[in-house]
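The values are calculated or read from the model by the stated rules, or taken from the named source; none is laboratory data. Here the structure is a predicted model, which means the values were calculated and not measured. Neighbour counts are summed over all protein chains in view; Cβ atoms, including those assigned to glycine, are modelled from backbone coordinates with ideal geometry.
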Amino acid sequence: MKTYSIDHLTPVQKTLLVTLKGRVLDSRSNNPILRDPLVTDIARRLDYDIDTVKLSLGVPEAIAIRTSILDRAVDAFVRTHPDAVVVELGSGLETRMFRLAPPATVDWYDVDLPEVIELRDELMPHRENAHSVGTSLLDPGWTDTIPSDRPTIVVGDGILGFLGEEQNKQVLTRITDHFTGGELVFNAYTKIAARMTGRYTSSVGMPKEFRGFGFNDPHDVVAMNPRLTFVDEQTGAAAPESEQLNGLYRLLARWFARWPAQARRGVWVVRYRF
Ligand SMILES: C[S@@+](CC[C@H](N)C(=O)[O-])C[C@H]1O[C@@H](n2cnc3c(N)ncnc32)[C@H](O)[C@@H]1O
């Protein structure tokens, strides 16, 4: 089996290992939330011991739940809009397209930094209508090769938290400047949760003191780009996926679900229309 080195990736690029590890652990569990056999296959083909990526207690479950919430949002969109375009921001080695198997009329664009896209293209099975965009989201030309006139869902898992506030504004503005209409859905961090970003990703080389981007009110994103309309939010604690968790975690989720402000500190997914 050919394996692929990731030594050349920067720490921020290596954060893709954190989400990948969460999904690998989900696939190894007795009652997986995602049921995605491709993730273990991809992890095995990396010249890297994925078990050296340390995840704190509850983090693998949180990653699986937020992935599943985002899957549902994208799935609902492409089933309603068979001519949709899906844009995955900071796609890393995410395998959402393979889990959802959208209709062949849907075009799917994975955007990430060039080194990551190169690795991704080696590891992912070929699929018609899958397109790779190897560029930074901070390059204003990142949308140039993506159709603008079809219903579009832009999805981000774990990416916007790694950009600063001004950079997020820039990305949000580019989305509504380029695409004529659709939805934006991403996992968000509260300000307190964002302070922990460095700690959660230090085992892949991120500085422990790194603080991600966070906000406490979904309308803060509308203030950053008034062309976005807030649609809804979903916390992991209140999500149906939590019912699949083991005893103690399930009870904790039910308890947290009663206090949305607290629940947002865990898994929190927000959705906007434009
Ligand atoms: C935490 S990982 C998440 C990866 C993937 N979304 C997932 O859920 O597995 C963050 C990803 O954002 C990418 N990224 C960071 N800065 C970026 C930028 N400026 N432009 C594009 N991608 C970026 C990294 O390379 C990495 O793949």
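Things to note:
- Subset of region 107-122 (residues that are crowded, with 16+ Cβ neighbours inside 10 Å and touching a Phe, Trp or Tyr at 6+ places or on another chain (Cβ under 9 Å)): Val111, Leu119
- Considering the conditions (1) in contact with a helix residue (DSSP H, G or I) (Cβ under 9 Å, 6 or more places away or on another chain); (2) in a loop (DSSP other than H, G, I, E, B), Thr173 is excluded by exactly one of them, (2).
- Scoring Asp41 on the criteria (1) touching a residue at least 12 places away in the same chain (Cβ under 8 Å); (2) of a type outside the set (Ser, Thr, Tyr); (3) more than 21 Å from Leu248 (Cα to Cα) leaves a single failure, condition (1).
- Test: residue in region 76-98 that is part of a loop (DSSP other than H, G, I, E, B) and of a type in the set (Ser, Thr, Tyr): yes
So that you can scan it fast, the table gives a plain yes or no per residue for (1) crowded, with 19+ Cβ neighbours inside 10 Å; (2) within 15 Å of the ligand (Cβ to nearest atom); (3) at pLDDT 95 or above:
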{"position": "Asn30", "(1), (2), (3)": "no, no, no"}
{"position": "Leu38", "(1), (2), (3)": "no, yes, yes"}
{"position": "Leu46", "(1), (2), (3)": "no, yes, yes"}
{"position": "Val53", "(1), (2), (3)": "yes, yes, yes"}
{"position": "Ile63", "(1), (2), (3)": "yes, yes, yes"}
{"position": "Gly90", "(1), (2), (3)": "yes, yes, yes"}
{"position": "Leu93", "(1), (2), (3)": "yes, yes, yes"}
{"position": "Ala104", "(1), (2), (3)": "no, no, yes"}
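- Scanning region 161-170 for residues that are without any contact (Cβ under 8 Å) to a residue 60 or more places away in the chain and touching a helix residue (DSSP H, G or I) at 6+ places or on another chain (Cβ under 7 Å), we see that the one that is nearest to the ligand (Cβ to nearest atom) is Leu163.
- Among the residues making up region 72-88, those that are in contact with a strand residue (DSSP E or B) (Cβ under 7 Å, 6 or more places away or on another chain) and within 16 Å of the ligand (Cβ to nearest atom) are Ala73, Val74, Val86, Val87, Glu88.
- Only one of the numbered conditions (1) within 27 Å of Arg271 (Cβ to Cβ); (2) free of Cβ contacts under 8 Å to residues at least 40 places away in the same chain is not met by Arg96, and that is (2).
- Identity of the residue in region 87-111, of a type in the set (A, V, I, L, M) and touching a Lys or Arg at 6+ places or on another chain (Cβ under 8 Å), that ends up nearest to Tyr4 (Cα to Cα): Leu93
- Just so you know, in region 136-155 the residues that are under 17 Å from the mean Cα position of the chain (by Cα) and closer than 14 Å to Val87 by Cβ include one that is farthest from the ligand (Cβ to nearest atom), and it is Thr152.
- Looking across region 176-227, the residues that are β-branched (Val, Ile, Thr) and in contact with a Lys or Arg (Cβ under 9 Å, 6 or more places away or on another chain) come down to Thr176, Thr180, Val185, Thr190, Ile192, Thr197, Thr201, Val204.
- Count of residues meeting criterion [within 16 Å of the ligand (Cβ to nearest atom), surrounded by 15 or more Cβ atoms within 10 Å (Cβ to Cβ) and touching a residue at least 40 places away in the same chain (Cβ under 8 Å)] in region 203-232: 6
- Flag for Asp36 being of a type in the set (Asp, Glu) and assigned to a loop (DSSP other than H, G, I, E, B): yes
- Going through (1) within 9 Å of the ligand (Cβ to nearest atom); (2) surrounded by 16 or more Cβ atoms within 10 Å (Cβ to Cβ); (3) assigned to a helix (DSSP H, G or I) one by one, Gly158 falls short only on (3).
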